[in-house]
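Beneath this line is the structure, given in structure tokens, with notes to follow.
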Amino acid sequence: MSTAADMVTVVDRNTIAFERRFPDKLERVWSAITVDEIDHWFMKTELDLRVGGAFSFEKGWDGWISELENQGYVQFNSSHESFTRFEIEPDGDGTLFHMIDKLPDDFVMGVGCRQDSPIEDSDTEKMRLVEYNQPGGTGRA
């Protein structure tokens, strides 16, 4: 069984990369990450799926789609130099899913979503943040 630590790479203090393999076909995963099920596993959204199209995720995260390739990748940008990018690629009879999440450089998130306890530069604290605060959880079944 994979753990959150096996699936997440802390790129820098504001960026994580997440990878997971799904047994589903590429078309099914694409549909789930862009239209049909994104409200359930990520967060509720209104989405105009085209380059330049607007999106509005719950909790006030708004922006535009800066990059899009059908059944390949989609990047959601905000006005604060942050983005979330989903990439998928075929992997045998399944699909590899990659997510890169970059917060603004001046953003400071506290462990457990508390602003009174900033993240320390330790793998334990970073993984604790990833495990408990990622939209959709850790991806464990």
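Rule-based calculations on the coordinates, nothing more; no lab input. Source: prediction; values computed, not measured. Ideal geometry is used to build each Cβ from the backbone, glycine not excepted, and the neighbour counts take in all protein chains shown.
How far apart, in nm, are the 7 Å Cα→Cβ label points at Thr9 and Lys25?
3.0 nm
Each label point is 7 Å from the Cα along the Cα-to-Cβ direction; what then is the distance between the points at His40 and Glu69, in nm?
In this crude label model, His40 to Glu69 measures out at 2.8 nm.
Cβ under 15 Å from Phe55's Cβ, Phe55 left aside: what net charge do those residues give with Lys, Arg +1 and Asp, Glu -1?
Taking every Cβ under 15 Å from that of Phe55, the sum is -3.
Over what distance in Å are the Cα centres of segment 7-25 and segment 46-82 separated?
The distance from the Cα centre of segment 7-25 to that of segment 46-82 comes to 18 Å.
Looking at segment 17-51, which GluC sites (Glu not before Pro) are in a loop (DSSP not H, G, I, E or B) and have at most 13 other Cβ atoms within 10 Å?
The qualifying sites are Glu37.
According to a simple spin-label model (label point 7 Å from Cα along Cα-to-Cβ), what is the distance in nm between Asp93 and Ala17?
Using points 7 Å along Cα→Cβ, the separation is 2.9 nm.
So what's the net charge close to Glu46: Lys and Arg +1, Asp and Glu -1, counting the other residues with Cβ under 11 Å from its Cβ?
-3
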